[in-house]
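In what follows, a single structure is set out as structure tokens and then discussed.
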Amino acid sequence: MKYMGSKNRIANEIIPIMLKERKENQWFVDMFCGGCHIIQNVDGKRIANDKNKYLIAMWKGLQENRERPKIISKELYSKARTEYNNGTNIEFNDFLIGWIGWMGSYNGRFFDGGYSGHDVGKTHRNYIDEQIRNTESQINNLKEVKFFSRDYKDFKFKEPCFIYCDIPYKDTKQYATSKDFNHDIFFEWCREMSKQGHTIFVSEYQAPKDFECIWEKEITNSMNQTKTYKPIEKLFFLKAREIKK
């Protein structure tokens, strides 16, 4: 699935590094799961969370193989976008709004980048069909994942977990649900989770000094059609602290 900020290109590099710190039978929590390119490549007990309720409704619906349109016209896209903008479910439920929004939007921007079907017949590429096929190819690897839609701060854990956070990157374009993301509060939350015995990994371009950078790589980013840049993608680690009994 094409998703803004996707880790699909680097998943095979960062997952083995992270899993060295995972304990046997430990829950793997993908706290900002997005396109699910990390958690689909992890085994064992898994939780995927994202604040965007339409995204989680889409993934849950795909797990259940709910009926969905394979052809998304401009008219269908516009109707679903209107429902999304109005916060209504008159013609479409959350699953269909999520499905149409991510399958039909340019570069996976979910009603923000415009309809992606305009170039069909010009470039001989059907971008919507590609997005659908790529997304549906992920389903088998997500069947046992437990999906939730919560703010990360509201998540409660019954035992020490392995938590991966692909947060909204500071000073970059965001989805509507993450535009007010407070990085200082997030990093303080990570420190508190570490004190509670959780192992924390964070993907970002930058992090406070107490977060250890254990991997970095220059990545070409071309989500903007008119601009390409090469930021340094980094993976940060905050080790779980021993809980005093």
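Tabulated values for the structure
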{"quantity": "Stretch gain in nm, segment Arg125-Glu64, where the contour uses 0.36 nm per residue and the Cα spacing is subtracted", "calculated": "19.1 nm"}
{"quantity": "GNM flexibility winner over the chain from Ser203, Ser116, Ser78 (Cα, springs under 10 Å)", "calculated": "Ser78"}
{"quantity": "Spin-label pair Ile214/Asn93, simplified geometry with 7 Å Cα→Cβ offset, distance in nm", "calculated": "4.0"}
{"quantity": "Greater than 21 Å apart at Cα, pairs in Lys195/Lys217; Lys2/Lys143; Lys20/Lys234; Lys7/Lys51; Lys53/Lys79", "calculated": "Lys195/Lys217"}
{"quantity": "Residue-span extension gain [Asp151 to Lys79] - 0.36 nm each, minus C-alpha spacing", "calculated": "23.1 nm"}
{"quantity": "Computed E for Lys158/Lys195 - FRET, C-beta separation, R0 25 angstrom, nearest 0.05", "calculated": "0.95"}
{"quantity": "Separation in nanometres of the label points that stand 7 Å from Cα toward Cβ, at Lys20 and Asn140", "calculated": "3.1"}
{"quantity": "Probe 1.4 Å, protein heavy atoms only - accessible area per residue of the chain in square angstrom", "calculated": "54"}
{"quantity": "Gain in span if fully extended, Lys239 to Lys173, counting 0.36 nm per residue against the direct Cα distance", "calculated": "20.8 nm"}
{"quantity": "The chain: angle of helix 183-195 to the longest principal axis, Cα-based, in degrees nearest 10", "calculated": "50"}
{"quantity": "Longest to shortest principal axis, alpha-carbon extents of the chain, angstrom", "calculated": "61, 37, 31"}
{"quantity": "Carbon + sulfur, % of accessible area of the chain - ligands and nucleic acids excluded, 1.4 Å", "calculated": "45"}
{"quantity": "Cα-based helix-to-principal-axis angle, 74-86 vs the chain, degrees rounded to 10", "calculated": "50"}
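The values are calculated or read from the model by the stated rules, or taken from the named source; none is laboratory data. For clarity, every value in this text was computed on a predicted model and none was experimentally measured. Ideal geometry is used to build each Cβ from the backbone, glycine not excepted, and the neighbour counts take in all protein chains shown. Ligands, DNA and RNA are stripped out before the accessible areas are found, and what is left, the full protein with its side chains, is counted by its heavy atoms. Shrake-Rupley method; radii C 1.70, N 1.55, O 1.52, S 1.80 Å.
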